[in-house]
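See below for the structure under consideration.
The values are calculated or read from the model by the stated rules, or taken from the named source; none is laboratory data. All figures in this text were calculated on a predicted structure; none of them were measured in a lab. Here Cβ is always computed from backbone atoms with ideal geometry, including for glycine, and neighbour counts include all displayed protein chains. These area figures cover heavy atoms from the full protein model, side chains too; ligands, DNA and RNA do not enter into them. Shrake-Rupley method; radii C 1.70, N 1.55, O 1.52, S 1.80 Å.
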Amino acid sequence: MADLAALEDPKMRAANEKRGDDHGVNLTRLRALAKELGTQQDLARDLWATDVTAARLLALLICRPKAFERDELDTMVREARAPKVHDWLVNYVVKKSPHAEELRLAWSADPDPVVASAGWALTAERVVNKPAGLDLDGLLDVVEAEMKDAPDRLQWAMNTCLAQIGIQHPGHRARAVGIGERLEVLKDYPTAPNCTSPFAPTWIAEMVRRQEIGKA
């Protein structure tokens, strides 16, 4: 905790707090500290228990993802309210867990929209890497009915799933693009130069274009 406190930068904290992340640690320096510590599951659990965002981020970098039990991960995702903690927990830990599929199914239907967003993030991962067994039409039905009015974090995860269906599965591409065009979710999202817009029709078109260039 003393090492983390030494990494605190007031300007970094001000920038992070605009995104809802209450910490002032440069993530490059945090990763360097994690590399120095190496994998330490007990320390990771102790750091998580502090309820301090920077400590929890460090915990997620030094933990052993497969060592967490299913209920432990369920508790952690409900405790992870800082967006960066939530994002790292899902991407660095839950996706590598043997409990990922069970949690995906449970979380996707959770009444808490932040928890549900974790389920949709895991679904988007499956759309890309393990689509066998997924009901893509059913997923598009839910997105079409619910994404427009979903809270921000859940909406973002559902939109990612929509875009990945359109990018990865040509047979569903026209419908995915059509849903994005009708709902207009993230259509006006500010996008930096040389970055791809998260607006699903634009995102799909750009990634398909890159795929076609790669095949040429």
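Okay, here's what the table says:
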read-out	value
Considering residues of the range 156-171 that are of a type in the set (A, V, I, L, M) and more than 15 Å from residue 104 (Cβ to Cβ) only, the residue surrounded by the fewest Cβ atoms within 10 Å (Cβ to Cβ)	167
Number of positions in the range 12-32 that are touching a strand residue (DSSP E or B) at 6+ places or on another chain (Cβ under 9 Å) and more than 14 Å from residue 84 (Cβ to Cβ)	0
Hey, residue 153 basic (Lys, Arg), open to solvent by less than 70 Å² (accessible area, probe 1.4 Å) and under 26 Å from residue 102 (Cβ atoms) or not	no
Selection status of residue 142, at pLDDT 95 or above and within 29 Å of residue 13 (Cβ to Cβ)	no
Total residues in the range 39-61, condition charged (D, E, K, R), open to solvent by 50 Å² or more (accessible area, probe 1.4 Å) and closer than 26 Å to residue 10 by Cβ	1
Within the range 160-187, tally of residues that are in a helix (DSSP H, G or I), under 20 Å from residue 211 (Cβ atoms) and in contact (Cβ under 8 Å) with a residue 12 or more places away in the chain	15
Qualifying residues in the range 188-216 (those that are within 28 Å of residue 109 (Cβ to Cβ) and free of Cβ contacts under 8 Å to residues at least 24 places away in the same chain) - the one least open to solvent (accessible area, probe 1.4 Å)	199
Flag for residue 148 being part of a helix (DSSP H, G or I), over 19 Å from residue 69 (Cα atoms) and not aliphatic (A, V, I, L, M)	yes
Condition met for residue 115 (among the β-branched types (Val, Ile, Thr), open to solvent by less than 10 Å² (accessible area, probe 1.4 Å) and either assigned to a helix (DSSP H, G or I) or touching a residue at least 12 places away in the same chain (Cβ under 8 Å) (or both))	yes
Matching residues, the range 7-38, being at pLDDT 90 or above and surrounded by fewer than 13 Cβ atoms within 10 Å (Cβ to Cβ)	28, 32, 35, 36, 38
Which numbered condition residue 61 misses (of (1) in a helix (DSSP H, G or I); (2) farther than 27 Å from residue 156 by Cβ)	(2)
Residue match in the range 134-143 (condition: open to solvent by 10 Å² or more (accessible area, probe 1.4 Å), closer than 25 Å to residue 187 by Cβ, assigned to a helix (DSSP H, G or I) and charged (D, E, K, R))	yes
Test: residue in the range 67-90 that is in a strand (DSSP E or B) and open to solvent by 40 Å² or more (accessible area, probe 1.4 Å)	no
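So that you can scan it fast, the table gives a plain yes or no per residue for (1) touching a Ser or Thr at 6+ places or on another chain (Cβ under 9 Å); (2) open to solvent by 40 Å² or more (accessible area, probe 1.4 Å); (3) not polar (S, T, N, Q):
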site: 93; (1), (2), (3): no, no, yes
site: 96; (1), (2), (3): no, yes, yes
site: 103; (1), (2), (3): yes, no, yes
site: 120; (1), (2), (3): yes, no, yes
